[in-house]
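Derivation of every value follows stated rules applied to the coordinates shown; laboratory data play no part. All values derive from a computational prediction rather than experimental measurement.
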Amino acid sequence: MDAKSYNVIVKRKLLRAIQKLPQGVQRKFNVLLHDLQDNGPLQPHWPNFSRLSHETYHCHLGYGWVACWERKSNNLIIEVYYVGSREKAPY
């Protein structure tokens, strides 16, 4: 585990969208946020975790739900840019 703490950014608009998701998905997303803060962008223990590009990643929060995030140029900043249905994921 890395001793550094990562700053995880979730835009207000995305937070409002997350509130409309099923409760179980919201709970898993909160766990993911803590994992990102504590351990950084690489989350190999999450279901279907994969690197989408050099600085972007995704994992599943449930069968039909995914989260996508990106490590910013400052390695201690992570921005979550999508949480929602797998069908509408931006990849």
Using DSSP, restrict attention to beta bridges with both residues in the stretch 7-88 and report what percent are antiparallel, rounded to the nearest 5. 80
Alpha-carbon Rg with Dmax, taken over the chain, Å: 12.2, 36
Based solely on its DSSP helices, what 222 nm [θ] is calculated for the chain when runs of n ≥ 4 H residues each add -39,500 (n - 2.57) and the sum is averaged over all residues, nearest 500 deg cm²/dmol? -8000 deg cm²/dmol
